[in-house]
């Protein structure tokens, strides 16, 4: 017998589980996949629980936004391009399910290299050791030239990179999201932190031009954000810092100027959930009305799955 006092469980009050309200029911559980099933059947067979339902809700919000003529902004980081998802986003833009793309500088660099050379993403650890990391002169030349041209013409930074890629007509142009957006007339804005991208370490870089072009893109982006109210959608995919910070300032400016930026949908898709996307994308912008979602998973899986859900949701309404 222990020398320490024990609680007496003999008088615990119990109740029948059959009478208790519960969160999970049998009609909400998954249907096992089978060979040959359609995408629609796969999506319908997902558990009607937690993030599976959130994924469908985001797809529904995107389809609703297109139907109602509201903006659908895709904010992306470089890893989205490196994982081979540019053609999927380009297709969504072509179908009207993305109306504005915004990215940090690295996404544009990887997109540019894939369009021109068919490959991207160097071995940083190996090339950092001998000082060759980021020293691809031809990549830097095009993107840095785009900043200068944008400054001279008063055009957007992303707009100009896309135009230069189209004019060059590289062998893999069809893989480039920047080029596709230019061809479609969909705004692609570049939001750059000077010193974060490999092109900034080259003599072709002009800080004044980069800053001017990126600042113009912030104003283009904010113009789109100002129209988000009552049905728009913001998807943040793989940007942990820059795009969530840019979105927060754009929302502040739009509201300061009197735009009714409320009642819209936001979602953060990333491999790991971070503080800024949660606060600046999922939570803060929709505190005055709207809904925010966070869904965790690898881009090369989640982006195709989201795109499939969007297409199936649209097809189910026809």
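List of remarks:
- Residue match in the range 190-204 (condition: at pLDDT 95 or above, touching a strand residue (DSSP E or B) at 6+ places or on another chain (Cβ under 9 Å), buried (at least 19 other Cβ atoms within 10 Å of the Cβ) and on the phi < 0 side of the Ramachandran plot): yes
- Among the residues of the range 47-82, those that are part of a loop (DSSP other than H, G, I, E, B) and surrounded by fewer than 18 Cβ atoms within 10 Å (Cβ to Cβ) comprise 47, 48, 49, 68, 69.
- Any hit, the range 9-22, residues being touching a residue at least 40 places away in the same chain (Cβ under 8 Å) and out of contact with any strand residue (DSSP E or B) (no Cβ under 7 Å at 6 or more places or on another chain): no
- Pick from the range 117-132, criterion under 27 Å from the mean Cα position of the chain (by Cα), modelled with pLDDT of 85 or more and part of a loop (DSSP other than H, G, I, E, B), ranking: surrounded by the most Cβ atoms within 10 Å (Cβ to Cβ): 120
- Residues in the range 1-27 that are part of a loop (DSSP other than H, G, I, E, B) and within 30 Å of residue 46 (Cβ to Cβ) were compared, and the one that is farthest from the chain's Cα centre (by Cα) is 20.
- Index of the failed condition, residue 37 passing every other in (1) surrounded by 13 or more Cβ atoms within 10 Å (Cβ to Cβ); (2) touching a helix residue (DSSP H, G or I) at 6+ places or on another chain (Cβ under 7 Å): (2)
- In the range 145-173, the qualifying residues are those that are buried (at least 18 other Cβ atoms within 10 Å of the Cβ) and not in a helix (DSSP H, G or I), and the one that is farthest from the chain's Cα centre (by Cα) is 170.
- Among (1) over 18 Å from residue 99 (Cα atoms); (2) in a helix (DSSP H, G or I); (3) without any contact (Cβ under 8 Å) to a residue 40 or more places away in the chain - the single one residue 292 does not satisfy: (2)
- Any hit, the range 134-157, residues being farther than 25 Å from residue 211 by Cα and at pLDDT below 95: no
- Qualifying residue in the range 265-281 (condition: buried (at least 21 other Cβ atoms within 10 Å of the Cβ) and out of contact with any helix residue (DSSP H, G or I) (no Cβ under 7 Å at 6 or more places or on another chain)): no
- Those residues of the range 234-289 which are more than 22 Å from residue 97 (Cα to Cα), part of a helix (DSSP H, G or I), in contact with a strand residue (DSSP E or B) (Cβ under 8 Å, 6 or more places away or on another chain) and in contact (Cβ under 8 Å) with a residue 40 or more places away in the chain, in sequence order: none
- Enumeration of residues in the range 175-213 that are within 26 Å of residue 96 (Cβ to Cβ), assigned to a helix (DSSP H, G or I) and touching a residue at least 60 places away in the same chain (Cβ under 8 Å): 175, 177, 178, 179, 180, 181, 184
- Taking the conditions (1) at pLDDT 95 or above; (2) over 23 Å from residue 206 (Cβ atoms) in turn, residue 163 satisfies each one other than (2).
- Evaluation of residue 89 against (1) under 30 Å from residue 201 (Cβ atoms); (2) touching a residue at least 12 places away in the same chain (Cβ under 8 Å); (3) part of a helix (DSSP H, G or I); (4) over 19 Å from the mean Cα position of the chain (by Cα) (one fails), failing number: (4)
The values are calculated or read from the model by the stated rules, or taken from the named source; none is laboratory data. The shown structure was predicted, so the numbers you read here are calculated from the model rather than taken from an experiment. Here Cβ is always computed from backbone atoms with ideal geometry, including for glycine, and neighbour counts include all displayed protein chains.
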